[in-house]
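J.: Here you go, one structure.
Every number here is computed from the coordinates shown, using simple stated rules; none is lab data. Everything numeric in this text was worked out from a predicted model, so none of it was measured. We place every Cβ from the backbone using ideal geometry, glycine too, and count neighbours over all the protein chains shown.
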Amino acid sequence: MGKVVIKFQWLIVTILWIYILYRAVFIGITQDEAYSYFLVKTNYWRAMPGSLNTHWLNTLAIRLFLWLPGADNVWKLRILSVLCWWLYSFSAIKLSAEFKNRLFGFTFFLAAVLNPFLILYFSLGRGYSVACAFLFFSFWQTFRTIQRKEINPANWLKVFLPASIAVIANFSFFYFFIGATIVYVFHLLVQKKTALLFDASALIWKLLVAGTSIFAAFSLLFIRYHTKEFEGSESSDLINSLFSSQIRNGSNLDLGTSIPLLGVILFITLMIFTVISLYQYLTSKNMTIERYSVFVAFVIVLCNVVFYLVFKSPFLYGRTGLMFYVTLLPGFFGVLDNWTPKGKLVKYGLNILMIWIGFAFIFNFYKGFNLKYFSKWPYQADTGKGLDYLQKANAVRVGLTVYHFAVYTNYYSQAFPYKYKFSAVMIDESISPNPYLNDCDYLLITIPDSGKNTFPGNWNVKWSNPDTRTMILSKK
């Protein structure tokens, strides 16, 4: 890809990073981040192995950055995610430069960096974006390794080390690690090089794979069966959970009832690409990055099915499935890029498809652009502002709905223990009459999705934000 295009890509990446950084600094904390902060702040290390909220790499980063001087402002919880944007973007640009068709490569780049659902997590103190960054870097290392025809396990350490770090960043990425391992061993089998696994030079690779697998598997099983805190879709519909959820969460366009159909199309496309890639690989004995990507994505689908049947584990869904989206990108665009159809009509048709996809991602990002709140947690963006308002109003006893109470208890009361003088209780707006309401002089609430306020009428609205559905009420 030309130098001008690469410079333009870095310009896009830099602008997006400023957007990510601004949101990380100025948008209020979410309940998951607040709970992570609480565990670290109180040194509650015993509880961490049993909680999926513990994204270990991010947790350790929080512990490190909280030692910085000054108050425990929310940006300290998010530094690692914000910085990992550069690693993710570097890998995306490097991979995009290797496409034969520059248009395909640039569209791949846009799909990688303009997904608003993925961008969201680079502004949050969670492990999903960190894991995606190391996953993409693993892909870049895979490309370089394949290009050099390296097959020895020792040479594949540079592929599996970032993949292992991705697992430590978020356990759901263990599915990707399994896929990478199976595809690599399959590659050895086809090349008739399995004897390399028993060579002394493969010891470190085997220790890395075994150590990562044992740690991740034990942790996931402990959480699944002991604390039973397992995140994912409880639906038995694989396509809706793994495929459609990525479209649903990543889209700001009005796709309506077409989302399930798009999920089915994406699933069928993956199956077709898997068959084509497998045939091409077995006949040529040549592993390429797009085939590797498709194979790993296919194994991730198989893992979802096997773990669901054997361990009753829910299918990956939403943010736990982000890994699947990132894994599939090089394969989806790479297979099309390496397709050499006869006739100009098909070639022009594919180019038009790339242009359409590129503009769709640009417009989708534009529709989701937001400097005020995170789309998945709009209500909590105003919790801090609401608490400051209540303090200035000399509130005595405040009722907080569950989402506001969660971040107040786990973050604001811990990070700023002497700032708020009022006492706080949690109230449930779905319960009427609520036993705590009579004792409160103020309420910080979230308007229900139905728009109907179930609270009694003897309250005055003192402040409200329709965008975040947050209101402060005072007793008449």
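J.: Pull out a ≥ b ≥ c, the square roots of the eigenvalues of the alpha-carbon gyration tensor of the chain, then state rounded if a/c is under 1.5, prolate if not and a/b is larger than b/c, and oblate in the remaining case.
T.: The shape class here is prolate.
J.: Distance check, please: which entries in 41/385; 149/192; 3/149; 41/421; 100/149 exceed 24 angstrom between their Cα atoms?
T.: Result: 3/149 exceed 24 Å.
J.: Shifting gears a bit: Can you give the charge dipole size of the chain about its Cα centre, rounded to the nearest 20 debye, using +1 on the beta carbon of Lys and Arg and -1 on the beta carbon of Asp and Glu?
T.: 1040
J.: Next question. Just want the answer: with Cβ charges of +1 for Lys and Arg and -1 for Asp and Glu, which residue in 73, 351, 362 is farthest toward the dipole's positive end in the chain?
T.: The listed residue farthest towards the positive side: 351.
J.: Pull out the extension gain between residue 441 and residue 348, defined as 0.36 nm times the separation in residues minus the alpha carbon to alpha carbon distance; nm, one decimal.
T.: The residue 441-residue 348 span can extend by a further 26.8 nm.
J.: Roughly how many nanometres apart are two label points built 7 Å out from the Cα toward the Cβ at residue 367 and residue 261?
T.: 1.6
J.: Work out how much length residue 198 to residue 4 would gain on full extension: take 0.36 nm times their residue separation and subtract the Cα-Cα distance, in nm to one decimal.
T.: 65.2 nm
J.: Could I ask something else about it? What does the charge count around residue 325 come to, taking other residues whose C-beta lies under 13 Å from its C-beta (Lys +1, Arg +1, Asp -1, Glu -1)?
T.: +2
J.: Okay, moving on. May I ask what percent, to the nearest 5, of DSSP beta bridges between residues of the chain are antiparallel?
T.: If we restrict to bridges inside the chain, about 60 percent are antiparallel.
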